[in-house]
Amino acid sequence: MAQAKSGSDRMEKIVSLCKRRGFVFQSSEIYGGLNGCWDYGPLGTELKRNLKDFWWRRMVRERDDVVGMDGSILMNRQVWVASGHENTFTDPMVDCRNCKSRLRADQLPEKNGRKQCPVCGSFDLTEPRAFNLMFKTYVGATEDESAITYLRPETAQAIFVQFRNILEVSRKKLPFGIAQIGKAFRNEINPRNFTFRSREFEQMELEYFCRPENGLELLEYWLQERLRFYRDIGLSSESLHVHKIPSEECAHYSKGTYDIEFEFPFGIQELEGVAYRTDYDLNQHQKASGKPLDYFDEESKQHFIPHVVEPSAGVDRTALALISAAYDEEVVTDEKGKSETRTVLRFHPRMAPIKCGVFPLLKNNELLVRQAREIVDQLRGEMMVFYDETGAIGRRYRRQDEAGTPFGVTVDFDTIGENGPALRDTVTVRHRDSMEQERIAIKELAAFLGERIR
C-alpha cells in the first residue's frame, strides 16, 4: 500500500511539473478540457522532437535496409474492412447503472468473485458489449453510408497498402523495412494515467519485410535492437521488462509477440510491441483490392507474399517514460549551510529539450550581456539554447534543473577580463547532475557541448 501511495505521489508531482514547466497541458483547458487529449508545450514539443529524430536516425538514416514514408490519416474505408478493423477492432464495454460510468469489462476489479465498478463500488453493471474503438467520420459533402471512413487507429496499414509502390521506387531486396511516424486515434473507453492512454497519440512504427523462414529470427533481432534504443535514450535496463505474450493471447495473425514494458510510477506498463505479423496484412489487402502485393525473388524466380516483423512504439508513452525516469528530488546545501530540495530532470543529454542555458552574471552589465548574447548566437544553430538574465544565478540554475537542461554556461567578470587576462574569453560550464563547474574557452564551447549531446 505504501509503495502504491509513493507511486501516486510521484506521479502527481510529475503531472504538476509537466504543466508548470510547459511539457504537457490539458487539451482545450479553458473550456474544461477534453478527456484523453493533450497539448504539448514548448519543452514537451522539444522532448518529443528529440525522441522522434533519434528514432528516425536509428531506424532509417543509420541503416541501408530501411526507408521512410508518411501516410495520410484518412484512407479509403475498404482499407479498414480488409484489415479487419471495421468488424473486430473493439473492446468489451459495460455501463454502471448506478453512476453511469462506461468501463472496460476486462479491467474491472472483482470483489467476492463479482465484477465491481471502480468509481462507485456498485455491482449493478450491464452485460459486456462490443465497442468499436475507431473514430468514424465522413469524406465529402454528404454524410451517408458511401462517405464513411475512419481516423486511422494505427499507422501500419498505410505501409501495407503502399508496399508495392515503395518496393518499386526504393529497389530494396528482402529483408527491408518501411518506417513511419504519425498520429493515430482510438476512442478509448477509459483514457487514464496522464498521457499514457490517450484518444489521440503518435506512433513510431517499422514494418520489416522478410522471407517466411526468417521471421522468428528477426523477431528476436528486433527485440534486442529496440531494447538497445531505450537504453541509449536514458532508460535503464532495470526499468525495462520484456513480456513474451503467450501464444493463446497473441493476435490471430501473430506467430510471436513481445511487449517491452517500463516501470511507470503507476505500475509496469507496455511501451512497445514487437510482433511477428506473418503475411496476414499483405494477403488481406491483396485479396480485397485485387492488386498484387507479392515479392519476386530474382534468385529463385519465385513470387511470394513477404512476412513482416513490426516494432511499434508510442511516442507519447516513451516521452512519459523519459520524464518519469528523469524526475528526481534531492536535498542540497549551499555555501551558507542552507538546505533546500532541488527538483531535477536527469534526461540523457540527447533527449533534453534544452541543451544549454546561457546566463550573464548580471543583467545590467552591458559587456556581460553582449558576450552572453554572442554565445547564444554561436550555439543556436547547433542546439536548443535558452537565455536567462533574470534573478539570482542560483535561481536560474534551479529553473533549468527543472527543465532538464544538462549544461549551464555563465558569463562572468573573468570572461570579460576584469579580473585579469588569464581567464579572459572563458566561461563557467555547470553540469546539471553533479552541479560541478569547469572553465571552458568560448571558442571550444560548441565542440565541448556538441560531443556530449549527440
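Sorted by accessible area (1.4 Å probe), largest first, how do His285, His431, His243 line up?
Details: His285 10, His431 45, His243 70 Å².
Highest to lowest solvent-accessible surface, that is His243, His431, His285.
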Problem set entry | Probe 1.4 Å, all protein chains present, accessible-area order of His348, His307, largest first | His348, His307
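If I compute solvent accessible area with a 1.4 Å probe over the protein chains, what percent of it on region 310-411 is carbon and sulfur? All intermediate terms of the calculation are to be shown ahead of the outcome.
Details: 2000 of 4180 Å².
Carbon and sulfur: 48 percent of the exposed surface of region 310-411.
Ordering Lys301, Lys111 by how much accessible area each has at a 1.4 Å probe, largest first, what is the list? Don't skip to the answer; put the middle values down first.
Details: Lys301 140, Lys111 105 Å².
The most accessible residue leads, giving Lys301, Lys111.
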Exercise. Against the longest alpha carbon principal axis of the chain, how many degrees, from 0 to 90 and to the nearest 10, is the axis of helix 366-380 turned?
Worked result: 30 degrees
Exercise. Which of the aspartates and glutamates could be linked to Lys115 by a straight reach, that is with a Cα gap under 18 Å, when you skip same-chain ones fewer than 8 residues away?
Worked result: Asp91, Asp95, Asp106, Asp124, Glu127
For this session: Output the lone cysteines of the chain: those with no second cysteine's C-beta under 4.7 Å from their C-beta.
Result: Cys18, Cys37, Cys210, Cys250, Cys356
Exercise. Against the longest alpha carbon principal axis of the chain, how many degrees, from 0 to 90 and to the nearest 10, is the axis of helix 42-56 turned?
Worked result: 60 degrees
Exercise. With all protein chains present, how much of the accessible area of region 44-148 (probe radius 1.4 Å) comes from carbon and sulfur, to the nearest whole percent?
Worked result: 45 percent
Seminar exercise, completed: Compactness check, region 1-111: C-alpha Rg relative to the 2.2 N^0.38 Å globular estimate gives 1.54
For this session: Please give the helix 315-326 orientation as an angle from the longest Cα principal axis of the chain, in degrees from 0 to 90, rounded to the nearest 10.
Result: 40 degrees
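If you put +1 on each Lys and Arg Cβ and -1 on each Asp and Glu Cβ, how big is the dipole of the chain around its Cα centre, in Debye rounded to 20? Can you show the working numbers first?
On the way: 65 positive and 71 negative charges, 155 e Å.
Its charge dipole is roughly 740 debye.
In Å², and per residue, what accessible area does the chain have when probed at 1.4 Å with the other protein chains present? Let's see the in-between values first.
Details: 22420 Å² over 454 residues.
Heavy-atom SASA per residue in the chain reads 49 Å².
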For this session: Under 26 Å Cα to Cα from Lys13, which lysines show up? Leave out anything in the same chain fewer than 8 places away.
Result: Lys5, Lys48, Lys52, Lys338, Lys355
Exercise. Amide H neighbours of Tyr327 under 5 Å, counting only residues 5+ apart in sequence or on other chains, H built in-plane at 1.01 Å?
Worked result: Arg346
Seminar exercise, completed: Rounded to whole Å, √(5λ) for the Cα gyration tensor eigenvalues of region 264-370, largest first, gives 55, 21, 11
Exercise. So how far apart, in nm, are the two label points at Leu174 and Cys250 if each is 7 Å from Cα heading toward Cβ?
Worked result: 1.8 nm
Exercise. Taking +1 at the Cβ of each Lys and Arg and -1 at the Cβ of each Asp and Glu, which of Gly420, Asn132, Met204 sits farthest along the dipole of the chain towards its positive end, judged by Cα position relative to the Cα centre?
Worked result: Gly420
Problem set entry | HN-Hα J in Hz across region 126-136 - Karplus 6.51, -1.76, 1.60, θ = phi - 60°, x for Gly and Pro | 6, 5, x, 9, 5, 10, 6, 8, 8, 7, 8
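Given charges of +1 on the Cβ of Lys and Arg and -1 on the Cβ of Asp and Glu, with all other atoms neutral, how large is the dipole of region 1-123 about its Cα centre, in debye to the nearest 20?
Working: 21 positive and 15 negative charges, 103 e Å.
With Lys and Arg at +1 and Asp and Glu at -1, about 500 debye.
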Exercise. Can you list the HN-Hα couplings for region 233-240, worked out from phi with the Karplus curve (6.51, -1.76, 1.60; θ = phi - 60°), rounded to whole Hz and with x for Gly and Pro?
Worked result: 9, x, 8, 6, 4, 5, 8, 9
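The values are calculated or read from the model by the stated rules, or taken from the named source; none is laboratory data. If you're wondering where the values come from, they're calculated on a predicted model, not measured in any experiment. FYI the Cβ positions are ideal-geometry reconstructions off the backbone, even for glycines, and counts take in every protein chain you see. Side chains included, ligands, DNA and RNA excluded: accessible areas come from the protein's heavy atoms. Shrake-Rupley method; radii C 1.70, N 1.55, O 1.52, S 1.80 Å.
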